[in-house]
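Chemist: Sharing a structure, written as structure tokens. Questions coming.
The values are calculated or read from the model by the stated rules, or taken from the named source; none is laboratory data. Since the structure is predicted, the reported quantities are computational estimates derived from the model, not experimental observations. All Cβ positions, glycine included, derive from the backbone under ideal geometry; neighbour counts span all protein chains shown. Ligands, DNA and RNA are stripped out before the accessible areas are found, and what is left, the full protein with its side chains, is counted by its heavy atoms. Shrake-Rupley method; radii C 1.70, N 1.55, O 1.52, S 1.80 Å.
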Amino acid sequence: ETGVTQTPRHLVMGMTNKKSLKCEQHLGHNAMYWYKQSAKKPLELMFVYNFKEQTENNSVPSRFSPECPNSSHLFLHLHTLQPEDSALYLCASSQGGQTNTGELFFGEGSRLTVL
Amino acid sequence: GENVEQHPSTLSVQEGDSAVIKCTYSDSASNYFPWYKQELGKRPQLIIDIRSNVGEKKDQRIAVTLNKTAKHFSLHITETQPEDSAVYFCAASIRGAQKLVFGQGTRLTINP
């Protein structure tokens, strides 16, 4: 596979469930991101990882817990979510550090529905 | 922090006509301004970007202009085609891809 792949593509969970979203990039990038896309709202940056280290947490509630075991994989662990957390969660990657060109490469997204 | 406003939220044009989408930003330190296109059910993809040391950039039918003094930038699409129908997002950043703040998006519809 090439590019940025996300699994699962669709997820339905109850407010008491624990689930995880997975992202994998095959582009050799060293920066990875989680974005939230809700209807009629701009893309919201949630987390940024550079070389496996978290460099940005955009005031995200603790019920969202990211994990970046290496530069190619990124997870978003979900716990005790609220219905308003229902959205499309997009993973992205880019060149990091001094070679940061600015371009984000997005995955197809994981559509999350919280009941 | 940075705030990006994008207008209009929806835009409908006849095939072959031009389309213009405008964005304003608040942080004068922002120096990178990309535009992303998201087709229905697909991922956002970069279509063009501009940096603050340039006033205009063109790529075939797409052009972006930047006015640093007024803190606004615009996307121009000429000779529109049905495949241009999508949601377009502008963004601004002080640090390349690392700190992008997106606008609300414009749904562009090209009528045949």
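Chemist: Just checking, does the range A:105-112 include any residue being more than 28 Å from B:E5 (Cα to Cα) and of a type outside the set (V, I, T)?
Modeler: no
To keep it simple, each residue is scored yes or no on (1) charged (D, E, K, R); (2) in contact with a His (Cβ under 8 Å, 6 or more places away or on another chain); (3) open to solvent by 60 Å² or more (accessible area, probe 1.4 Å); (4) under 17 Å from B:P44 (Cα atoms).
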position: A:M13; (1), (2), (3), (4): no, no, no, no
position: A:H29; (1), (2), (3), (4): no, no, no, no
position: A:S38; (1), (2), (3), (4): no, no, no, yes
position: A:T55; (1), (2), (3), (4): no, no, yes, no
position: A:R63; (1), (2), (3), (4): yes, yes, yes, no
position: A:A92; (1), (2), (3), (4): no, no, no, yes
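Chemist: Only residues that are within 11 Å of another protein chain (Cβ to nearest Cβ) and either more than 30 Å from A:T7 (Cα to Cα) or in contact with a His (Cβ under 6 Å, 6 or more places away or on another chain) (or both): list them for the range B:34-77, please.
Modeler: Matches in the range B:34-77: B:I50, B:R51.
Chemist: Next up: Determine whether the range A:50-57 contains at least one residue that is more than 14 Å from chain B (Cβ to nearest Cβ) and part of a strand (DSSP E or B).
Modeler: So far as the range A:50-57 goes, no, none of its residues is more than 14 Å from chain B (Cβ to nearest Cβ) and part of a strand (DSSP E or B).
Chemist: Follow-up question, since we're still on this one. What is the number of the single condition among (1) within 25 Å of A:N50 (Cβ to Cβ); (2) in contact (Cβ under 8 Å) with a residue 12 or more places away in the chain that B:Q45 does not meet?
Modeler: It fails just one condition, (2).
Chemist: Ok, one more. Output the residues belonging to the range B:32-69 that are over 21 Å from A:F105 (Cβ atoms), outside any strand (DSSP E or B) and open to solvent by 50 Å² or more (accessible area, probe 1.4 Å).
Modeler: Within the range B:32-69, B:N53, B:V54, B:Q60, B:R61, B:K68, B:T69 qualify.
Rundown of residues vs (1) of a type outside the set (K, R); (2) within 11 Å of chain A (Cβ to nearest Cβ); (3) open to solvent by less than 10 Å² (accessible area, probe 1.4 Å); (4) assigned to a loop (DSSP other than H, G, I, E, B), yes/no style:
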position	(1), (2), (3), (4)
B:E79	yes, no, no, yes
B:V87	yes, yes, no, no
B:C90	yes, yes, yes, no
B:Q104	yes, yes, no, yes
B:R107	no, yes, no, no
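Chemist: Would you confirm whether any residue within the range B:9-22 is surrounded by fewer than 19 Cβ atoms within 10 Å (Cβ to Cβ), at pLDDT 95 or above and within 13 Å of chain A (Cβ to nearest Cβ)?
Modeler: So far as the range B:9-22 goes, yes, one or more of its residues are surrounded by fewer than 19 Cβ atoms within 10 Å (Cβ to Cβ), at pLDDT 95 or above and within 13 Å of chain A (Cβ to nearest Cβ).
Chemist: For A:C23, only one of the following conditions fails: (1) more than 11 Å from the chain's Cα centre (by Cα); (2) surrounded by 21 or more Cβ atoms within 10 Å (Cβ to Cβ); (3) at pLDDT 95 or above; (4) not polar (S, T, N, Q). What is its number?
Modeler: (1)
Chemist: A:L81 fails exactly one of the following numbered conditions: (1) under 19 Å from A:L115 (Cα atoms); (2) surrounded by fewer than 21 Cβ atoms within 10 Å (Cβ to Cβ); (3) in contact with a strand residue (DSSP E or B) (Cβ under 9 Å, 6 or more places away or on another chain). What is the number of that condition?
Modeler: (2)
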